[in-house]
Amino acid sequence: MKSNRELHPDFEHFLGFKEQPLIELYCDLRNYIIQLYPEANELLYHTHALTSVYTISEKLSDGFCMIPIYTNHLNLGFHKGTLLDDPKQLLQGTGKLIRHIPILQKADFKTKDVTALVQTAIQFALDDMDKPTKTFGQTISKIKRP
């Protein structure tokens, strides 16, 4: 799956420290999300995990999903996962709102059930949005590089 959206240099710098199979898995999952909602803005962070957040505006609070990358795995996280209809019980976690699906291989996200869950999260974010945005399909780095 190929996306026409390039990786931001700030993110690519830190991603380069990960193992190649994890980088490829991240890129496949990122492209999958962007293809499901091409208008998504991508906010990039490097805190406890290198993370890309997908949002319907330029605000973190309007995020519908995220991909935090850890040492040996990544997750497909959902900002308001506890509020989403999850009939297949794919979501894991114990937080107040955030839930995730552990991603170890492509088969963990390339399913109709995961696609339906992402689409539900997108619609939930659109319905929950305070005011319309004028920013679409942008990558915005919040990463401070040394």
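Only the coordinates and a few stated rules stand behind these numbers; no lab work does. Being a predicted model, the structure only gives us computed values, none of them experimental. Note: ideal-geometry Cβ built from the backbone for every residue, glycine included; neighbour counts use all protein chains shown.
For F64, list long-range residues whose amide hydrogen, built 1.01 Å from N in the peptide plane, is under 5 Å from its own amide hydrogen.
Y54, T55, I56
Please compute the modelled spin-label separation between Q119 and F136, points set 7 Å along Cα→Cβ, answer in nm with one decimal.
Each label point lies 7 Å from its Cα, and together they span 2.0 nm.
Could you check which residue among E19, E58, E42 shows the biggest mean-square fluctuation in a GNM of the chain with a 10 Å Cα cutoff?
E19
Kindly provide the trypsin sites (Lys or Arg not before Pro) of region 102-146 that DSSP labels as loop, not H, G, I, E or B, and whose Cβ sees at most 12 other Cβ atoms within 10 Å.
Passing both the DSSP loop test and the Cβ count: K134, K144.
Tell me, in nm to one decimal, what length is gained between K110 and S61 on full extension, where the rule is 0.36 nm per residue of separation less the Cα-Cα distance? Present the calculation step by step, with values, prior to reporting the outcome.
Numbers: separation 49, 0.36 × 49 = 17.64 nm, distance 2.61 nm.
So the chain would gain 15.0 nm between K110 and S61.
What longest range of the chain stays clear of loop-exposed chymotrypsin sites (Phe, Trp or Tyr not before Pro) (DSSP non-H/G/I/E/B, at most 16 other C-beta within 10 angstrom)?
In the chain, the maximal stretch lacking such sites is 71-135.
Output the Cα-based Rg and Dmax of the chain in Å, rounding Rg to one decimal and Dmax to a whole number.
Radius of gyration, then largest Cα-Cα span, for the chain: 14.3, 44 Å.
What are the residues whose amide H is under 5 Å from the amide H of R99, where those residues sit 5 or more places off or on another chain and H is modelled from the backbone?
So R99 has HN proximity to F78, G81, T82.
Residue farthest toward the positive end of the dipole of the chain, with Cβ of Lys/Arg at +1 and Asp/Glu at -1: which of I98, A40, T71?
Of I98, A40, T71, it is T71.
Sequence gap of 8 or more, or different chains, plus Cα separation below 25 Å: how many lysine pairs satisfy both in region 9-129?
Summing the qualifying lysine pairs gives 13.
So what are the ³J(HN,Hα) numbers for region 28-40, from phi and the Karplus equation (6.51, -1.76, 1.60; θ = phi - 60°), rounded to whole Hz, Gly and Pro as x?
5, 5, 4, 4, 4, 5, 5, 5, 6, 9, x, 7, 4
Through the Karplus equation 6.51 cos²θ - 1.76 cosθ + 1.60, θ set to phi - 60°, convert the phi angles of region 44-57 into ³J(HN,Hα) values in whole Hz; use x for Gly and Pro.
10, 9, 9, 10, 5, 9, 6, 9, 10, 10, 10, 9, 8, 9
For Cα pairs less than 8 Å apart in space and 6+ apart in sequence, what is the mean separation divided by the residue count of region 29-99, i.e. the relative contact order in percent?
About 18 percent, as a whole number.
So what is the relative contact order of the chain, in percent, for Cα pairs below 8 Å that sit 6 or more residues apart? Numbers along the way, then the final one.
Working: 239 pairs, mean separation 40.2, N = 146.
Here the relative contact order equals 28 percent.
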